[in-house]
Amino acid sequence: MASTAQSEWLAENMPDRENIEIQINEGAGHFSYMDLPPPHIVDAMPNKTEFLNEHARVICEFLSS
């Protein structure tokens, strides 16, 4: 999980760029990918359960392709 700029930089600098796939989740922060963030963290993700379910679906789809 990286920022948009970091993800794009990584994809551009990989030796086999034709086989790189990145997904940008706008508005997602580091803790958005955690079921339970630390108690002092407020996550700005509006519908976290839906976001995590969709993220899990995309990962499963990628791994089974």
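Throughout, read-outs are computed from the coordinates displayed, never taken from laboratory work. Quick caveat, the model's predicted, so the values are computed rather than measured. So basically every Cβ, Gly included, is an ideal-geometry build from the backbone, and we count neighbours across all protein chains shown.
Whats the longest run of the chain with zero GluC sites (Glu not before Pro) that are DSSP loop and have at most 11 other Cβ atoms within 10 Å? Formally, the longest exposed-site-free interval is 27-65.
For the chain, what's the relative contact order in percent, using C-alpha pairs closer than 8 Å and at least 6 residues apart? Contact order relative to length: 21 percent. Taking the number of Cβ atoms within 10 Å of each Cβ as an exposure proxy, the fewest-first ranking of S32, S3, S64 is S64, S3, S32. The average projected area of the chain, computed from the convex hull of its Cα atoms over all directions, is 5.2 nm². Ordering D35, D43 from the fewest to the most neighbouring beta carbons within 10 Å gives D35, D43.
Placing a label point 7 Å from the Cα of Y33 along the Cα-to-Cβ direction, the residues of segment 7-21 with a backbone N closer than 19 Å are 7-14, 20-21. Taking label points 7 Å from Cα along the Cα-to-Cβ direction, E21 and I41 give a separation of 2.6 nm.
Rounded to the nearest 500, the helix-only mean residue ellipticity at 222 nm of the chain stands at -12000 deg cm²/dmol, with each DSSP H run of n ≥ 4 adding -39,500 (n - 2.57). Taking only Cα atoms, what is the 0 to 90° angle, nearest 10, from helix 48-63's long axis to the longest principal axis of the chain? That helix lies at roughly 30 degrees to the long axis. Taking other residues whose beta carbon is less than 13 angstrom from the beta carbon of E21, and scoring Lys, Arg as +1 and Asp, Glu as -1, yields -3.
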